[in-house]
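Here is the structure we will look at, set down as structure tokens.
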Amino acid sequence: MTVVASAPGKIVLSGEYAVLFGAPAVCMAVMRRAIVTVADSADGECHVTTPGFTGEGSFAVVDAVYGGTRPARNIDLDTRAFSRDGRKVGIGSSAALTVALAAARSASVDVLTAALDAHAVLQGGTGSGIDVAAAVCGGLIEYEMSSRNVRKLSWPDGLLMRVLWTGVPASTGLMLEKLATQTVRPSRSALVLAAAQMADAWRSGDTDRILSEYNAYIGVLRQFSVDHDLGIFDAGHDQLTDAAMVSNLVYKPAGAGGGDIGVLFGRDETEFDAFVAKHADRIQGVVSCGLDPDGVRLEPS
């Protein structure tokens, strides 16, 4: 028997870090999919292949989803859609793999709880689970960590977004480990409040309000980064954020920051083109990854 499943990557749009402290976060599934194929093994052993992925982490995903056992299956974990020039761009490949593998194992897409539990094991309990929720549910979502509650949102009319890649790899796990060692600062509470206001703006669907609210949110996120020595705006994010404000656009690092990708918001594609051209020295490329309305899927085998 062969089962094939796929799940999308994600981009966190607001609520990064704050989601760990009870705030809602907003995240979108993107049209870059991890594809997992699980088939019978002729020799009774577990064989894992990893197109687009190298290292022992491939077996870690299998162990997490299968509860520490190695099933007698041939398992193909394909994350080539998450790379650019052979490097990961930071759009949630491990969560997408976990979700797709959980679906392939059970031959079901009803895997939110199982995938959240497995990914928590994979991350040593440090993550919020928002990337898993986006991979399971698809579309634009608001997520709350403690209740694991997912609210589906609609993309606001007139709001455009472009994903920019810094070319610098970043590790969410390392950032979260560093945060855990830091003294709690007032900016942590401020970020929780700002994230709640940002989520409310997204919920409203009002593009003007969303763009306006980001200005305050980014300021709080910057202070949180400085206070907790996280470097969220490193790898050129800081300069691009300032440049976007001058151009009447909004830019911020996506998710943990410190490298990987950032998101540029506005209303006019020509303004995006001009911004990217002007700051080409700080941008390694534009990543094509539009909103994917679909979450995890079972595919024809």
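Rule-based calculations on the coordinates, nothing more; no lab input. None of these values were measured; they are calculated from a predicted model. Cβ placement follows ideal geometry from the backbone for every residue including glycine, while neighbour counts extend to all protein chains displayed.
I need the shape label for region 160-287. Rule: rounded when a/c is under 1.5, else prolate if a/b > b/c, else oblate, with a, b, c from the alpha carbon gyration tensor. Note, shape of region 160-287 comes out oblate.
Sorting 255-268, 25-38, 184-197 by their mean Cβ neighbour count within 10 Å, with the most densely packed peptide first, gives 25-38, 255-268, 184-197. Each listed q (0.08, 0.13, 0.20 Å⁻¹) maps to a log10 I(q)/I(0) for region 2-155, found by the Debye formula over equal Cα scatterers with no solvent: -0.21, -0.54, -1.22. Packing here is the average count of other Cβ atoms within 10 Å per residue, and on that basis the peptides 106-117, 11-22, highest first, run 11-22, 106-117. So what does the Cα-only Debye profile of the chain read at q = 0.07, 0.08 Å⁻¹, as log10 I(q)/I(0), no solvent term? Scattering profile of the chain, log10 relative to I(0): -0.25, -0.33. To the nearest 10 degrees, how steeply does helix 93-106 sit against the main Cα axis of the chain, on a 0 to 90 scale? Relative to the chain, helix 93-106 is tipped by roughly 40 degrees.
With runs of 4+ DSSP H residues as the only contributors, calculate the mean residue ellipticity of the chain at 222 nm using -39,500 (n - 2.57) per run, divided by the residue total and rounded to the nearest 500.
Values: 9 runs with 111 residues, N = 301.
For the chain, the value works out to -11500 deg cm²/dmol.
State, as an integer percentage, the relative contact order of the chain based on alpha-carbon contacts under 8 Å between residues 6 or more apart. Walk me through the numbers before you get to the answer.
Numbers: 661 pairs, mean separation 79.8, N = 301.
Value for the chain: 27 percent.
With the charge dipole of the chain set up from +1 on Lys and Arg Cβ and -1 on Asp and Glu Cβ about the Cα centre, the Cα lying farthest toward the positive end among the listed residues ALA42, LEU116, TRP165 is that of LEU116. A straight Cα-to-Cα reach below 22 Å connects LYS252 with the lysines LYS10, LYS88, LYS178, LYS278, residues fewer than 8 places away in its own chain not being considered. Charged neighbours of ARG87, selected by a Cβ distance under 15 Å, balance to +2 (K, R count +1; D, E count -1).
Given 0.36 nm per residue, what is the gain on full extension from ASP234 to SER212 after removing their alpha carbon distance, in nm? Each step should come with its number before you reach the end.
Numbers: separation 22, 0.36 × 22 = 7.92 nm, distance 2.33 nm.
5.6 nm is the gain from fully extending ASP234 to SER212.
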